[in-house]
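Single-structure report; data block below.
The values are calculated or read from the model by the stated rules, or taken from the named source; none is laboratory data. Since this is a predicted model, take the numbers as computed values, not measurements. Reconstructed Cβ throughout: ideal geometry from the backbone, glycine too, with neighbour counts over all protein chains shown. When the accessible area is computed, the model is the full protein with side chains, heavy atoms only, and any ligands, DNA or RNA have been set aside. Shrake-Rupley method; radii C 1.70, N 1.55, O 1.52, S 1.80 Å.
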Amino acid sequence: MPKKSHVNGALAVKVSARGAGRLRDGHVWVYRSDVLAADEVAAGALVKVVDERGAFLGTAFYSSTSQIAIRIISKEAVEDLARLLCERIRASLAYRERVVTDSNAYRLIFSEADFLPGLIGDRYNDLLSFQVLTQAMDAEPVRATFVSELKDTLSPAAIVERVEPKIRQLEQLPARGSALVMGEKSSTIFSMNGVQFHYEALEGQKTGAFLDQRENYAAAAQYARGEALDVFCYQGGFALHLAQCSKVTGVDSSRPALEVAERNAGLNGREIEWIEANAFDLLRDYSDEGRKFDTIILDPPAFARNKRNVATALRAYKELNLRALRMLRSGGILVTCSCSYHVSPSDFLETVLAAAHDSHRNLRLLENRAQAKDHPMLLTVPETAYLKCLILNVTY
Ligand code: SAH
């Protein structure tokens, strides 16, 4: 039996029944263990995907190194890849025009969720940044195509490529640094929900908001009151939104992040106390000292990077939420987040419930939220839904 086959003259990758089933269910990935034949397919090639019998399943980008060997870009045959990419980019922009309000910073392109697998694009006012995650998106003429389409449709002052060295290593792509690919400007000020933030794409530490929390910032602001503690505050995303609180304290272990947070506070004429500390230690000390707050935000980094870490991650979430609940006054507000895809919404809710039980607090669920709509969630690709944000009211 031939190891590779041709369909309509283009290279085809043959996938197992399990891989084919996954695609027929609407997912867009096939793992390497489900690829039966792709021997002569070049890294980053556009390929046709077929099942064991040779039936066509879609057109995909191929990675020679990633565990995700196949990422479908279309269920149809693709005659003109450049045209398809441009159409996809224009559709992504049109979608943001429908769902983003009161912000000139948002995610423009969210990889699989925008049918542009391997490409992330963000807008920060007049600057655009992009990141490529796969061999196919890094290859010419694909790069030149999306850069020129972004330039033509949005007329930014500059476009910056942001590089995550680890991702390039995994895809075995040549190392390169973050750099301007168009224009000369690399810093700007953007606004969301009426709050202003500094953005510096290249100098020192990358700055910018966690755009996926944009709608949660506005929701938190609606309920926050009294004395507030923003734990894992980074550059002040939540803290800067809590204008109606009598006192706001932000905690983070990163000094550079807090320096930008302080500049952001100045930009908005706000006084916020920033504390450089390990959040676990600080929460333990504060709760042991009997400190009290009216609003606590918990937005830790992803604790579970893979399935194996879930149990440890849940213990960490429980500890944080337990400490926070002990410090909240009756009537207080807890905004608690998890950005680990591997921690499911129900696992997270149960963990918060366990913390409520151990702290003898009753909680009202005010809002059960997820990521902002500029980070679309595809029902058929569960990995696109990762952020959980619960807003709770401590009753008594
Ligand atoms: N809430 C922020 C985003 C938080 S990202 C926003 O909306 O902008 C997670 C943050 O946790 C990072 O800024 C990181 O520096 C910080 N961090 C990670 N581990 C920490 C720890 N043990 N103690 C305190 N901060 C920590």
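Here are the numbers:
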quantity: Flag if LEU379 is under 24 Å from PRO117 (Cα atoms) and out of contact with any helix residue (DSSP H, G or I) (no Cβ under 6 Å at 6 or more places or on another chain); calculated: yes
quantity: Residue list for region 257-282, filter: touching a residue at least 12 places away in the same chain (Cβ under 8 Å), within 10 Å of the ligand (Cβ to nearest atom) and closer than 15 Å to LEU229 by Cβ; calculated: LEU258, ALA261, ILE275, GLU276, ALA277, ASN278, ALA279, PHE280, LEU282
quantity: Scan of region 213-227 for residues that are over 23 Å from LYS292 (Cα atoms) and basic (Lys, Arg), ordered by number; calculated: ARG214
quantity: Residues of region 168-217 classified as at negative phi, at pLDDT below 95 and within 12 Å of the ligand (Cβ to nearest atom), total; calculated: 5
quantity: Failed item, numbered, when ASP288 is tested on (1) within 23 Å of LEU363 (Cβ to Cβ); (2) touching a strand residue (DSSP E or B) at 6+ places or on another chain (Cβ under 7 Å); calculated: (2)
quantity: Verdict on PHE303 being assigned by TED's automatic domain parsing to the domain that holds GLU383, over 18 Å from ALA220 (Cα atoms) and open to solvent by less than 10 Å² (accessible area, probe 1.4 Å); calculated: no
quantity: Hey, SER346 more than 23 Å from GLY118 (Cβ to Cβ), assigned to a helix (DSSP H, G or I), open to solvent by 30 Å² or more (accessible area, probe 1.4 Å) and assigned by TED's automatic domain parsing to the domain that holds VAL248 or not; calculated: yes
quantity: Matching residues, region 229-239, being within 9 Å of the ligand (Cβ to nearest atom) and either out of contact with any Cys (no Cβ under 6 Å at 6 or more places or on another chain) or without any contact (Cβ under 8 Å) to a residue 24 or more places away in the chain (or both); calculated: ASP230, VAL231, PHE232, CYS233, TYR234, GLN235, GLY236, GLY237, PHE238
quantity: Filtered residue count, region 72-102, keeping only those that are among the basic types (Lys, Arg), within 22 Å of the chain's Cα centre (by Cα) and either modelled with pLDDT under 95 or open to solvent by 30 Å² or more (accessible area, probe 1.4 Å) (or both); calculated: 3
quantity: Given (1) hydroxyl-bearing (Ser, Thr, Tyr); (2) over 30 Å from THR384 (Cβ atoms); (3) within 13 Å of the ligand (Cβ to nearest atom), number of the condition SER340 does not satisfy; calculated: (2)
quantity: Selection status of ARG369, open to solvent by 20 Å² or more (accessible area, probe 1.4 Å), outside the structural domain of SER103 (by TED's automatic domain parsing), within 27 Å of MET192 (Cβ to Cβ) and modelled with pLDDT of 95 or more; calculated: yes
quantity: Of all residues in region 283-299 being within 15 Å of the ligand (Cβ to nearest atom) and free of Cβ contacts under 8 Å to residues at least 40 places away in the same chain, the one that is nearest to the chain's Cα centre (by Cα); calculated: ARG284
